[in-house]
Amino acid sequence: MSTVTQPAPVVSVDPATGEVLREFECTAEAEVRAAVERARAAQPAWHELGISKRLQVLRRFQTLLHEQKSDVARVITRESGKPYVEALLTEVVVALDAAQFLIASAHSLLRDQRIGHANLVMKAKRGWVVREPYGVIGIISPWNYPFNIPATEGLVALAAGNAVVIKPSEFTTLSVLELQSLLRSAGLPEALFQVVPGAGATGAALVDSKIDKLIFTGSVASGKRVAQAAAARLLPVVLELGGKDPMVVLDDSDLEVASSAAVWGAFVNAGQTCLSVERCYVHQNLYERFLAAVVEKTGKLRVGNGLDPQTEVGPLIHQRQLQIVEAQVEDARAGGARVLAGGARLPQLGANFYGPTVIADVHHGMRLMREETFGPVLPVMAFGSEDEAVHLANDSEFGLAASVWTSDRKRGEAMAARLQAGTVMVNDVVSCYGISEAPHGGVKSSGLGRTHGRFGLEEMVRVKYMDSDLLPRMRKVWWYGYGPEFSRQMEGFVDFLFSRHWGARIGGGLRALKAYFRRGWL
Ligand code: NAD
């Protein structure tokens, strides 16, 4: 008798206290397939409902989320550890704003679009582009923004007329269930947004199921595995992967502002943000003063349970993440870097707490400057010239976002153009994610495709070109009936279209015209 081993359940744990919040059975492969089938069966009616009615559901969702903002933020804080106010601002508000963007813009962005024909012989046609939903969109999401990532990606998929099946991170199922519950209360039929809890194997089952497109957000390693599986059946994917975002502080920047930005940018969500400042390059003239400022500000941060309104930095999500951070810091320390703040666990607060850390005199031979850290660590390095800063910032396998700091906006924008990243901010960090109109995504190993804004909406639709001929009773001149004379006529036709000389164009046009009266035209 064969025994089928049931995978261990996934568990939502409060990372600040270690309290088990809830366990979820992993969704088996057959159940994932069944969820996708239910989604497929329900999707055509959702599409046919039309954009206005779909957006009404989003509007009701927005109202409910606004009303329940505090409860939702508390669930996010308990499950992910981030301070309550961050759950409110970087999760709930981002989702509210994403809904607002869609309510305001999806109608016009999804509208059919006329395509004009420059080519003279194509003038007798009417052409337009139709945007059709893919059908069923699979979403696989991470734990670091457990509400806003499923919300921003899910809402745009739904607005475009798709159904969604989502595999949340194994660490943060509760936050996604909040989203599901709000959508259902807003009137969305159950089959259109289904959550399949589980770990990597459930995610792999979703990739192998009959979804029509996958939006994956997670690490580069998992993203590559997912892309390989997707390639086997040409499943289109968007990959939102890791980052190692550089912050470049030029010699004319406001030291007070730039140092505050570095501290917030590196430690928001305990550094577990794909867009967090992971490398900081400071002009040598400012270097020591900048270090003094960030060390002083870091020393004032209150670390603790995110439910305490005083808390500015919460715990890491789990021990494995903490060990990655610890190993990178120790590698830098062993390599001669100066640890100026933090650099150690805070066991008195709980098992997952790590002190906000500032490290100076790092270099690109260190893991800390090459691998994603995803923890509360701010490594700072000096540079001499702008060229050197650009070289250092671009010397990475990642390319999610970057920032340039200067009092001279033009100078900042000129440097921004030289940085290899999906987003470059001049005098700000991280906040680009909160701009619903702005495309989000990376270059190099940071990913493929875009979420958010118009480009995110375009990822949720298939573009179909519609072409309607205005002269249905007329054969096309290029159809059969070939021969030496026809070849000469068509040479004339090419001259008519593209010759630089008017004489040749007119002569070519007259020759081409004869093709309409040729013998043997089929
Ligand atoms: P992860 O790659 O470990 O997991 C992400 C998701 O993929 C989880 O739901 C996981 O269960 C699933 N998964 C794992 N293996 C899979 C497989 N073989 N097939 C299908 N699904 C699989 O990442 P994480 O630790 O949850 O999240 C942190 C990472 O996400 C960081 O690298 C961070 O930079 C990145 N991230 C990127 C963005 C972005 O927008 N670019 C946003 C947030 C997080």
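Kindly work out what percent of the DSSP beta bridges joining two residues of the chain are antiparallel, to the nearest 5. Before the final figure, lay out each step's value.
Working: 23 of 60 bridges.
Of the beta bridges lying entirely in the chain, close to 40 percent run antiparallel.
How big is D, in µm² s⁻¹, for the stretch 413-522 by Stokes-Einstein at 25 °C and 0.890 mPa s if Rh is the Kirkwood radius over C-alpha pairs?
Details: Rh = 19.3 Å.
Rounded, D is 127 µm²/s.
What number does the stretch 183-282 give for Rg over Rh if you use C-alpha atoms and the Kirkwood radius?
Values: Rg = 19.4 Å, Rh = 16.8 Å.
When Rh is taken as the Kirkwood radius, the ratio is 1.16.
Hey, got the Cα dimensions of the chain along the principal axes, in Å, largest first?
94, 65, 50
If you roll a 1.4 angstrom probe over the protein chains with everything in place, what fraction of the accessible area of the chain belongs to carbon and sulfur, to the nearest %?
Values: 12930 of 23010 Å².
That fraction is 56 percent.
Based on the alpha carbon coordinates of the stretch 246-428, what radius of gyration and maximum Cα-Cα distance (Dmax) apply, in Å?
Spelled out, the Cα radius of gyration and Dmax of the stretch 246-428 are 15.5, 48 Å.
Aspartates and glutamates within cross-link reach of Lys69: Cα-Cα under 16 Å, excluding same-chain residues under 8 positions apart?
Qualifying aspartates and glutamates at Cα under 16 Å: Glu79, Glu86, Glu91, Asp97, Glu178.
Under 5 Å between amide hydrogens, which residues at least 5 positions from Lys125 or on another chain qualify, with H placed 1.01 Å from N in the peptide plane?
Under 5 Å from the amide H of Lys125 lie the amide H atoms of Leu470, each far enough along the sequence or on another chain.
On a C-alpha basis, how far is the centre of the stretch 326-342 from the centre of the stretch 101-152 in Å? Whole number, if you could?
Here the answer is 47 Å between Cα centres.
Could you sort Met247, Met122, Met474 by their accessible area in this structure, using a 1.4 Å probe and putting the largest first? Mind dumping the intermediate values first?
On the way: Met247 0, Met122 60, Met474 80 Å².
Descending order: Met474, Met122, Met247.
If DNA, RNA and ligands are ignored and the probe is 1.4 Å, what is the ranking of Ser175, Ser487 by accessible area, most exposed first? Kindly include the intermediate steps, with their values, before the conclusion.
Numbers: Ser175 0, Ser487 65 Å².
Reading off the accessible areas and sorting them downward yields Ser487, Ser175.
Give the dimensionless ratio obtained when the Cα radius of gyration of the stretch 413-470 is divided by 2.2 N^0.38 Å. Intermediate values should be presented prior to the final figure.
Details: Rg = 15.6 Å, N = 58, 2.2 N^0.38 = 10.3 Å.
So the stretch 413-470 has a normalised radius of gyration of 1.52.
Can you bin the stretch 1-147 into rounded, prolate or oblate? Criterion: square roots of the alpha carbon gyration tensor eigenvalues sorted a ≥ b ≥ c, rounded for a/c under 1.5, prolate for a/b above b/c, oblate for the rest. Working shown, then result.
Numbers: a/c = 2.88, a/b = 1.59, b/c = 1.81.
In terms of gyration-tensor shape, oblate.
Output wanted: per-residue J couplings in Hz (rounded whole) for the stretch 207-218, from phi through Karplus 6.51 cos²θ - 1.76 cosθ + 1.60, θ = phi - 60°, x for Gly and Pro.
Values, residue by residue: 4, 7, 6, 8, 5, 9, 7, 10, 10, 10, 10, x Hz.
If you fit an axis through the alpha-carbon atoms of helix 255-267 and take the longest principal axis of the Cα set of the chain, what angle between them do you get, 0 to 90°, nearest 10?
For helix 255-267, the angle is close to 90 degrees.
Taking all protein chains together and a probe of 1.4 Å, list Leu250, Leu497 from the most accessible to the least accessible. If you can, show how the numbers build up before the last one.
Details: Leu250 0, Leu497 35 Å².
From most accessible down to least: Leu497, Leu250.
From the square roots a ≥ b ≥ c of the eigenvalues of the alpha-carbon gyration tensor of the stretch 318-375, which class results: rounded (a/c under 1.5), prolate (a/b over b/c), or oblate?
Working: a/c = 2.60, a/b = 1.56, b/c = 1.66.
Oblate, since a/c reaches 1.5 and b/c is not below a/b.
Report, in debye and to the nearest 20, how large the dipole of the stretch 125-254 comes out about its Cα centre when Lys and Arg carry +1 and Asp and Glu carry -1 on their Cβ. Could you put the intermediate results ahead of the total?
Details: 11 positive and 12 negative charges, 170 e Å.
So the dipole magnitude of the stretch 125-254 works out to roughly 820 debye.
Which pairs, out of Lys213/Lys464; Lys476/Lys514; Lys82/Lys167; Lys53/Lys167; Lys125/Lys514; Lys125/Lys464, put more than 18 Å between their alpha-carbon atoms? Please report the intermediate quantities before stating the final value.
Working: Lys213/Lys464 16 Å; Lys476/Lys514 13 Å; Lys82/Lys167 21 Å; Lys53/Lys167 26 Å; Lys125/Lys514 22 Å; Lys125/Lys464 16 Å.
Too far apart for the 18 Å limit: Lys82/Lys167; Lys53/Lys167; Lys125/Lys514.
Please state the charge dipole magnitude for the chain, taken about the Cα centre, from unit charges on C-beta atoms (+1 on K and R, -1 on D and E), reported in debye and rounded to the nearest 20. Each step should come with its number before you reach the end.
Values: 56 positive and 55 negative charges, 645 e Å.
Around 3100 debye, computed over the chain.
In degrees, nearest 10, range 0 to 90: what is the angle between the Cα axis of helix 51-67 and the longest Cα principal axis of the chain?
Here the helix axis deviates by roughly 10 degrees.
Once you charge only the Cβ atoms, +1 for Lys and Arg and -1 for Asp and Glu, what is the size of the charge dipole of the stretch 361-501 about its Cα centre, to the nearest 20 debye? Walk me through the intermediate numbers first.
Values: 16 positive and 19 negative charges, 144 e Å.
The calculated dipole for the stretch 361-501 is roughly 700 debye.
What is the extension gain from Asp467 to Glu491, computed as 0.36 nm multiplied by their sequence separation minus the C-alpha to C-alpha distance, in nm to one decimal?
6.0 nm
Nearest 500 deg cm²/dmol is fine: what mean residue ellipticity at 222 nm does the chain get from its DSSP H runs of n ≥ 4 alone, each adding -39,500 (n - 2.57), divided by its residue count? Could the numbers behind the result be given before it?
Working: 16 runs with 205 residues, N = 522.
When only DSSP H runs of four or more count, the value is -12500 deg cm²/dmol.
Given axes a ≥ b ≥ c from the Cα gyration tensor, I'd like to know whether the stretch 247-312 is rounded (a/c under 1.5), prolate (a/b larger than b/c) or oblate. Write down the numbers at each step before the final one.
On the way: a/c = 3.00, a/b = 1.79, b/c = 1.67.
The shape class here is prolate.
Kirkwood hydrodynamic radius for the stretch 471-517: how many Å is it when counted over pairs of different Cα atoms?
Details: mean 1/r = 0.0919 Å⁻¹.
About 10.9 Å for the stretch 471-517.
The values are calculated or read from the model by the stated rules, or taken from the named source; none is laboratory data. Everything quoted here is computed from the prediction, not taken from an experiment. Don't worry about glycine lacking a Cβ; one is built from the backbone with ideal geometry, like all the others, and counts go over all protein chains shown. These area figures cover heavy atoms from the full protein model, side chains too; ligands, DNA and RNA do not enter into them. Shrake-Rupley method; radii C 1.70, N 1.55, O 1.52, S 1.80 Å.
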